[in-house]
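Enquirer: Got a structure for you, questions after.
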Amino acid sequence: MRKKKLVDDLAILGGPPAFTDELYVGRPNIGDHQRFLERVNDLLGRRWLTNNGPYVQEFEKRVADYVGVRHCITMCNATVALEIAIRALNLTGEVIVPSFTFIATAHALQWQEITPVFCDVDPETHNLDPRRVEEMITPRTTGIIGVHLWGRGCDVDVLSEIARRRRLRLMFDAAHAFACSYKGKMIGGFGAAEVFSFHATKFFNTFEGGAVVTNDDELATRIRLMRNFGFAGYDKVVYIGTNGKMSEVSAAMGLTSLESMDEFITVNRRNYELYRELLGGESGISLISYGDSEKCNYQYVVLEVDESGAGISRDELVEILWAENVIARRYFYPGCHRMEPYRSYFPDARLALPITERLCRQVLSLPTGTSVSEEDVRMICQLIAFVIENSHEVRARMGGGEKKVGPLPDIEEENVFCR
Ligand code: T4K
């Protein structure tokens, strides 16, 4: 690792990169290799590889117990889990969702020809703003999908009250929120159903994977049927279904990840707190906070970069960091409403999404997880501080360097295509 003393030392201006190897957001945390391999040996010996095998059943029970829900139905990934939950809840017409989320939240609806109606988020929590939700309800609305972004709980109480009063179904995309709580209760038990992602890039992974969790017995039965083509026994199909099954090797990984989960969270928290301490005083930079009273997985270290205070834009900072081999990510730029097919379907959606638009310009996720050391965090923070301290000169000199992130289209320019 190389510290920067002069602006010329920045890799984007021709200096050597701070890190020789790339640092990622989403590098998988991996538990005990030996334990995992033992389980793989086991399942190979059993010749039971998928279709609700013993590891899947054990993993489902462990997750349900951990979260404190009656049912956990594992899936091959969270996108299919969302699709199945949406279908099992009979959502149709329009469903209110945030645009400031991963595209899977919207696609899971549109894939079934249900219209995602994009709603703005709260500037503090980055989650659905309940006041805006109420305004988006039309006679075609059948449901609301809240996303517990970065693992921070949505305003569940108010959303539940709106859903009850307006007779809408409420479910949550909890892809980021495994092992997190809201008002002291584990996320997973809210709304009609919640969906976790166990994708490799999540702090807790099953390679690919996800789950629907619910306390509703009847809904759980339907979801189980839908996950397995609608089979209710040999040669008997009672429902339209698909193939959403988790494999045994994924469940083996999940069981192994569960054994190391506390350690993953401890490392994430250490990194998060170090970032917070070291970036706390930087002008124009604010790190999202996680309430001390809640359980949290700390898997995302999320900055908001205010150009007027930092002297540099989020996108300039990304280019500088990438050149240094710090692969920071602009999750969830440019917002679902600016991606196809939604930008064509709803060319004016941005007008109702001022907070989402601002966050899409300002938010940046930094590397963390068990592959990122305290020394790495210190170096990344030193880099950011150096860039802000010298922002005037850095900015003036930028433009000639080789850009590793490729062109970062300006949102205003993109508006041309949105009209
Ligand atoms: N809802 C929400 C709110 C979500 O955030 C997501 C997924 C979903 C639903 C759907 O869940 P799944 O169907 O995926 O279970 C990643 C993940 O693929 C995605 O799961 C995640 N959210 C999203 C936030 O991030 P990308 O396009 O950023 O992935 P990628 O390939 O760029 O990987 C991120 C970084 O991780 C890379 O820079 C390198 C590193 N990496 C990745 C993999 C796969 C590794 O070091 N090793 C690996 O094996 O979407």
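The values are calculated or read from the model by the stated rules, or taken from the named source; none is laboratory data. Keep in mind that what you see is a predicted model, and the values were worked out from it rather than measured. Positions of Cβ are backbone-derived with ideal geometry, glycine not excepted, and every protein chain shown enters the neighbour counts. Heads up: the accessible areas ignore ligands, DNA and RNA and are worked out on the full protein's heavy atoms, side chains in. Shrake-Rupley method; radii C 1.70, N 1.55, O 1.52, S 1.80 Å.
Enquirer: Run the numbers for Thr221 and Glu161: contour at 0.36 nm per residue of separation, minus the present Cα-Cα distance, in nm.
Expert: 19.0 nm
Enquirer: Related question: Can you list the residues of region 103-143 with backbone N under 13 Å from a point 7 Å past the Cα of Thr92, pointing along Cα to Cβ?
Expert: 113-115, 140-143
Enquirer: Hey, how many Å between the Cα centroid of region 45-120 and the Cα centroid of region 282-324?
Expert: If we compute the Cα centre of each part, the gap is 29 Å.
Enquirer: Could you compute Rg(Cα) / (2.2 N^0.38 Å) for region 1-70, with N its residue count?
Expert: 2.04
Enquirer: Roughly how many debye, to the nearest 20, is the charge dipole of region 227-383 about its Cα centre, given +1 on each Lys and Arg Cβ, -1 on each Asp and Glu Cβ, and no other charges?
Expert: Using only the charged Cβ atoms, the result is roughly 720 debye.
Enquirer: With every protein chain kept in the model, how would you rank Cys76, Cys296 by accessible area, 1.4 Å probe, largest at the top?
Expert: Highest to lowest solvent-accessible surface, that is Cys76, Cys296.
Enquirer: Identify, among Ala251, Ser344, Ile320, the residue whose Cα sits farthest towards the positive end of the charge dipole of region 248-385, taking +1 on the Cβ of Lys and Arg and -1 on the Cβ of Asp and Glu, with the dipole about the Cα centre.
Expert: Of the options given, the answer is Ser344.
Enquirer: For Ser371 and Ser308 in the same chain, what is the full-extension length gain: residue separation times 0.36 nm, less their Cα-Cα distance, in nm?
Expert: 19.4 nm
Enquirer: Ok, one more. Please work out the FRET efficiency for the pair Glu277 and Tyr66, using the Cβ-Cβ distance as r and a Förster radius of 25 Å; give the result to the nearest 0.05.
Expert: Calculated transfer efficiency: 0.25.
Enquirer: As a test question: what accessible area, to the nearest 10 Å², does Asp306 have when a 1.4 Å probe is rolled over all protein chains in place?
Expert: Answer for Asp306: close to 70 Å² accessible.
Enquirer: Extending each Cα 7 Å along its Cβ direction at Ile137 and Ala396, get the distance between those two points in nm, one decimal.
Expert: 5.7
Enquirer: Once fully extended, how much extra length lies between Asp21 and Asn243, figured as 0.36 nm per residue of separation less the alpha-carbon to alpha-carbon distance?
Expert: Roughly 76.1 nm would be gained on extension.
Enquirer: Dipole of the chain (Lys/Arg Cβ +1, Asp/Glu Cβ -1, origin at the Cα centre): which of Gly45, Gly146, Gly291 lies farthest to the positive side?
Expert: Gly45
Enquirer: Here is a follow-up. State which helices in the chain qualify, where a helix is a whole DSSP H run, it must extend 18 Å or more along its own axis by its Cα atoms, and its mean Kyte-Doolittle hydropathy must be at least 0.5.
Expert: Helices passing the filter in the chain: 374-389.
Enquirer: Given 20 °C and 1.002 mPa s, compute D for region 251-360 with the Stokes-Einstein relation, Rh being the Kirkwood radius over Cα pairs; round to the nearest whole µm²/s.
Expert: Estimated via Stokes-Einstein, D reaches 128 µm²/s.
Enquirer: Dipole size in debye (nearest 20) for region 130-260 around its Cα centre, Lys and Arg Cβ +1, Asp and Glu Cβ -1?
Expert: 420
Enquirer: While we're looking at this one, here's another question. If I model a spin label as a point 7 Å beyond the Cα along the Cα-Cβ vector, how far apart are those points for Thr266 and Lys185 in nm?
Expert: Rounded to a tenth, the inter-label distance reads 3.1 nm.
Enquirer: Moving to a separate point now. Of His33, His148, His199, which has the largest mean-square fluctuation in a 10 Å C-alpha GNM of the chain?
Expert: His33
Enquirer: Still on this structure: Quickly work out the Arg46-to-Met339 label distance, labels modelled 7 Å from Cα along the C-beta direction, and quote it in nm with one decimal.
Expert: The modelled label-to-label distance comes out at 3.5 nm.
Enquirer: If you place +1 on the Cβ of every Lys and Arg, -1 on the Cβ of every Asp and Glu, and leave all else neutral, what size is the dipole of the chain about its Cα centre, to the nearest 20 Debye?
Expert: 1060
Enquirer: Sticking with this structure for a sec: With the dipole of the chain worked out from charges on the C-beta (+1 for Lys and Arg, -1 for Asp and Glu) around the Cα centre, which of Ala192, Gly31, Leu219 lies farthest toward the positive end?
Expert: The Cα lying farthest towards the positive end belongs to Leu219.
Enquirer: Could you pull the Rg and Dmax for the chain, using just the Cα atoms, both in Å?
Expert: For the chain, the Cα radius of gyration and maximum Cα-Cα distance read 22.2, 72 Å.
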